[in-house]
Every structure is written in C-alpha cells, then in structure tokens.
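**Student:** Handing you this structure, nothing more for now.
The values are calculated or read from the model by the stated rules, or taken from the named source; none is laboratory data. Owing to the predicted nature of the structure, the values given are computational and were not obtained by experimental measurement. Glycine also receives a Cβ, built like all others from the backbone with ideal geometry; neighbour counts cover every protein chain displayed. Surface accessibility is based on the protein's heavy atoms, side chains included, excluding ligands, DNA and RNA. Shrake-Rupley method; radii C 1.70, N 1.55, O 1.52, S 1.80 Å.
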Amino acid sequence: MKKGLMVTAVLASSLLAQAVYAAETVQIDGSSTVFPISEAMAEEFQSAEKGATRVTVGVSGTGGGFKKFCRGETDMTGASRPISPEEVQLCKENKVEFIELPVAMDALTVVINPQNDWVDHLTVEELKTMWEPEAQGKISNWNQVRDSFPDRKLNLFGPGVDSGTYDYFTTAVVGKAHSSRGDFTASEDDNVLVQGVANDRNALGFFGLAYYEENKNKLKAVPIAYKGKDAVEPSLETAGDGSYQPLTRPLYYYASKASLENKPHVDKFASFLLSQDNTELVQEAGYVPMGDKVYEAAQRVLKEREVGTAYEGAEVGVDVVETLSRKKHY
C-alpha cells in the first residue's frame, strides 16, 4: 500500500513538474516600488490562465531592471521613473525596441519615526537642505534644518542610486537626478528602509506610498509644503487629485516589442495590466489607478506598438495623458 502511494506521489510530482515546464513564462524585473503591483497582477493572471502561463517577478530596482531588459533578458520591466537616455542607448545597441506603458500613480512618501514629536510638516526647501550634495559633512542635526527643531542627530535613509525612486526624489527636491549627499543609509530593499526609520527616533527616509501604507503602525508620514502652499499629506486621494506635489509621479512598465509580437502570452499579460477591470488590484497594492482616459490611451499605444519614450528622463508634475500623445523617440 505504501509503495503504491509512493508511486502515485512520484507520478503526480512528475506531472506537476512537466506542467510547470510546459507553461509559457512572462519574465518581469525592475522597480521595488512597482513590485507590489507586479506581484498582485501576476497572481491574478496566473489564476485566470489556470496554469497555462507563469509570471516570474524579480526586484533589481529600476536601474538594475533596465540593464537586464535592455540586454534582452526579460520581457518586461517595472520602473518608478521614465527610461533614461543612457538606457535608451543601451536598448538600441542590443536592438531591444520597447513600448512605454504607465500603470499607476504613486505618492512618494517622506517618513519619520512615530516618536518624532517636532516635525508636523516639511517644505521642499527643507528637504533640499537635508539632501543636496552640499549638505554632506555640514547638515548633521535637525536644528540645522529649522531653528525650532531640537539639537538632535539627523539620520537619513533612502533608496540606492540604482533606484528610480532615488532619481525622482533628487529631481523633484534637489533639482537634478542623481544629485544628493552620499552619507545616508541606502538600500534597494524598501523594507530595510522601513525598519531603519521605525527603529530610530532621529531618522527620516522616503519610498513609495505602498510601503508606508503597509507599515503605518511603525511610521509617520510627513506632509509636504510646495511653492508657498499649505502642506499636503501623501495618500491615495492626494496622489489621485494631484494636490500632493512635487512628489506625485507615474509608475511604468516597459514591454519588449519582440516579446509582445513573438509571445502571445506576454501580449495578453500586458493587456491585462492595462485593463480597467484590474484597477482594484492597483489600489490594493497601495497605489492610485490611472483614469479611464490614461488606460484607453495606453491601450492604444500597446495595440499600435508605439516604440520609444515620451521623456528625456524624469519629469516633475507630468500630465500622463499628454505624455501618451507625444511623439516617441528611440
């Protein structure tokens, strides 16, 4: 009896292995910010496909994901900023044509420790004072940011330099991508940043809204004041209505044209990402679904295989519908 059960188990295992091997695969990598969306979409799509398609999701960061994608190693990559001119050139060198697809809006969130009782808001100028290159070795205490803050050590946490979130934050706050002090605790893993701020009363960090929403019990979000206006707290609502500036930004997928045309399951998954029926998954992942006009415009870009990007790098305060109508360059 035991021998029969063992044979049955071996056969079942073999059949399962064959089924997994036979399944078509969509390979995704890229942004840790976009990862919660990729994970939710992959799970739902695989369920709908009943095992016919597997979706693998890596987390190399936006920059790391583009390196793999532009070498032709993945079908799609998630990005928390637009593709850079240097990455476009790498794709061209490797003959990787790509389709640029916005998928959600994010409120890039500045966080402090819940025991921090002196910060009720920060201005963009104060964030710049903390993070600009000139701050290294000079701005080391909170009272150097604002006179009324206590004379306590300022400990900064942020994404690594391969991160699209780092690129966008430095563009929006400092005024130039990749321009910041270097003496902060950096990690490509947003959960490491969460723990760093959660365990340090003097800490300040930043990352995508989803990671704040998931850890509200450990962190406090900082309202941000911009261009003399009242401070606005990051949330799904303020990212959706555009009032949280300048740290509201679109999130993207970049799909390989060759994969879309040669692998029907990749094309099907790309269409699945842009379906209005799946906006609930975007919200459950902690982000703001795009409006119907954006989804319709993105679906057209996908269907017509519009190769290239509408950007020359990260932009602040973009109108996503307008960018989808721009002439693409590659």
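**Student:** When you scan region 120-132, do you find a residue that is modelled with pLDDT of 95 or more, closer than 29 Å to PRO36 by Cβ, of a type outside the set (Phe, Trp, Tyr) and part of a loop (DSSP other than H, G, I, E, B), even just one?
**Tutor:** Yes, some residue in region 120-132 is modelled with pLDDT of 95 or more, closer than 29 Å to PRO36 by Cβ, of a type outside the set (Phe, Trp, Tyr) and part of a loop (DSSP other than H, G, I, E, B).
**Student:** In region 109-119, which residue that is part of a loop (DSSP other than H, G, I, E, B) and of a type outside the set (S, T, N, Q) is nearest to PRO223 (Cα to Cα)? Step through it out loud before you land on a result.
**Tutor:** First, pick out the residues of region 109-119 that are part of a loop (DSSP other than H, G, I, E, B): 113-119.
Then drop every residue that is not of a type outside the set (S, T, N, Q), which leaves 114, 117-119.
Values: PRO114: 14, ASP117: 14, TRP118: 13, VAL119: 9 Å.
Only one residue fits best here, namely VAL119.
**Student:** Taking ALA177 and the conditions (1) within 21 Å of LEU324 (Cβ to Cβ); (2) assigned to a loop (DSSP other than H, G, I, E, B), which numbered condition does it fall short on, given that it satisfies the others?
**Tutor:** (1)
**Student:** If you don't mind, there's one more thing I want to ask. Quickly run through region 305-330 and pick out the residues that are closer than 16 Å to TYR168 by Cα and among the aromatic types (Phe, Trp, Tyr).
**Tutor:** Selection gives TYR311 alone.
**Student:** Could you please find all residues in region 190-201 being surrounded by 15 or more Cβ atoms within 10 Å (Cβ to Cβ) and under 21 Å from ARG249 (Cα atoms)?
**Tutor:** ASP190, LEU193, VAL194
**Student:** Further, regarding this structure: Across region 248-274, which residue is most open to solvent (accessible area, probe 1.4 Å) among those that are basic (Lys, Arg) and either at pLDDT 95 or above or under 13 Å from GLU44 (Cβ atoms) (or both)? Talk me through it step by step, then tell me what you get.
**Tutor:** Step one: list which residues in region 248-274 are basic (Lys, Arg), which gives 249, 257, 263, 268.
Next cut, either at pLDDT 95 or above or under 13 Å from GLU44 (Cβ atoms) (or both) only: 257, 263, 268.
Numbers: LYS257: 49, LYS263: 71, LYS268: 111 Å².
The extreme case among them is LYS268.
**Student:** Can you find a residue in region 87-101 that is within 25 Å of TYR212 (Cα to Cα) and modelled with pLDDT of 95 or more?
**Tutor:** First pass over region 87-101, keeping only residues within 25 Å of TYR212 (Cα to Cα): 101.
Subset that is modelled with pLDDT of 95 or more: 101.
There is at least one residue in region 87-101 that is within 25 Å of TYR212 (Cα to Cα) and modelled with pLDDT of 95 or more.
**Student:** I would also like to ask the following. Search region 139-171 for residues being part of a helix (DSSP H, G or I) and not polar (S, T, N, Q), and hand back the single one that is nearest to SER32 (Cα to Cα).
**Tutor:** Here the answer is GLY164.
**Student:** Now a separate question. Can you name the residue in region 88-103 that is part of a loop (DSSP other than H, G, I, E, B) and in contact (Cβ under 8 Å) with a residue 40 or more places away in the chain and, of all such residues, is surrounded by the most Cβ atoms within 10 Å (Cβ to Cβ)?
**Tutor:** Taking region 88-103 as the starting set, the residues that turn out to be part of a loop (DSSP other than H, G, I, E, B) are 94-97.
Narrowing the set further to residues that are in contact (Cβ under 8 Å) with a residue 40 or more places away in the chain leaves 96-97.
Working: VAL96: 21, GLU97: 16.
Checked region 88-103; the qualifying residue surrounded by the most Cβ atoms within 10 Å (Cβ to Cβ) is VAL96.
**Student:** Could you identify the single residue in THR53, THR129 that is touching a His at 6+ places or on another chain (Cβ under 6 Å) and either without any contact (Cβ under 8 Å) to a residue 24 or more places away in the chain or not aliphatic (A, V, I, L, M) (or both)?
**Tutor:** Criteria check complete, one pass: THR53.
**Student:** Now, a different point. Return the residue satisfying two criteria in turn: it lies in region 275-293 and is outside any helix (DSSP H, G or I) and touching an Asp or Glu at 6+ places or on another chain (Cβ under 9 Å), and of such residues it is surrounded by the most Cβ atoms within 10 Å (Cβ to Cβ).
**Tutor:** Checking each candidate, the answer is TYR287.
**Student:** Being outside any helix (DSSP H, G or I), modelled with pLDDT of 95 or more and aliphatic (A, V, I, L, M) is the requirement here; does ILE37 meet it? Lay out the reasoning, then the answer.
**Tutor:** Working: outside any helix (DSSP H, G or I): no; modelled with pLDDT of 95 or more: yes; aliphatic (A, V, I, L, M): yes.
No.
**Student:** So, one more: I'm trying to understand the selection: among the residues of region 112-168, which are small (Gly, Ala, Ser) and either closer than 30 Å to ASP29 by Cβ or open to solvent by 10 Å² or more (accessible area, probe 1.4 Å) (or both)? Talk me through it step by step, then tell me what you get.
**Tutor:** At the first step, the residues of region 112-168 found to be small (Gly, Ala, Ser) are 135, 137, 140, 148, 158, 160, 163-164.
Scanning region 112-168 gives GLY137, SER140, SER148, GLY158, GLY160, SER163, GLY164.
Here's the yes/no breakdown for (1) aliphatic (A, V, I, L, M); (2) under 18 Å from the mean Cα position of the chain (by Cα):
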| residue | (1), (2) |
| --- | --- |
| ALA255 | yes, yes |
| GLU261 | no, no |
| PRO264 | no, no |
| GLN276 | no, no |
| ALA285 | yes, yes |
| LYS303 | no, no |
| VAL307 | yes, no |
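**Student:** Say whether the condition of being closer than 19 Å to TYR211 by Cα, modelled with pLDDT under 95 and open to solvent by 20 Å² or more (accessible area, probe 1.4 Å) is met by at least one residue in region 60-77.
**Tutor:** Yes, the conditions are met somewhere in region 60-77.
**Student:** Exactly one condition in (1) modelled with pLDDT under 95; (2) part of a helix (DSSP H, G or I) is false for SER32; which is it?
**Tutor:** (2)
**Student:** With respect to ASP106, is the statement that it is in contact (Cβ under 8 Å) with a residue 12 or more places away in the chain, in a strand (DSSP E or B) and under 28 Å from VAL294 (Cα atoms) true? Reasoning before the result, please.
**Tutor:** Details: in contact (Cβ under 8 Å) with a residue 12 or more places away in the chain: yes; in a strand (DSSP E or B): yes; under 28 Å from VAL294 (Cα atoms): yes.
Answer is yes for this residue.
**Student:** Additional query: Please go through region 215-242 and give me each residue that is assigned to a loop (DSSP other than H, G, I, E, B), within 20 Å of the chain's Cα centre (by Cα) and surrounded by fewer than 17 Cβ atoms within 10 Å (Cβ to Cβ), ordered by number.
**Tutor:** We begin by selecting, within region 215-242, every residue assigned to a loop (DSSP other than H, G, I, E, B); these are 215-219, 222-223, 226-231, 233-235, 241-242.
Add one more test, that the residue is within 20 Å of the chain's Cα centre (by Cα), and what stays is 215-216, 219, 222, 233-235, 241-242.
If the condition is that a residue be assigned to a loop (DSSP other than H, G, I, E, B), within 20 Å of the chain's Cα centre (by Cα) and surrounded by fewer than 17 Cβ atoms within 10 Å (Cβ to Cβ), then LYS216, GLU233, ASP241, GLY242 are the ones that fit.
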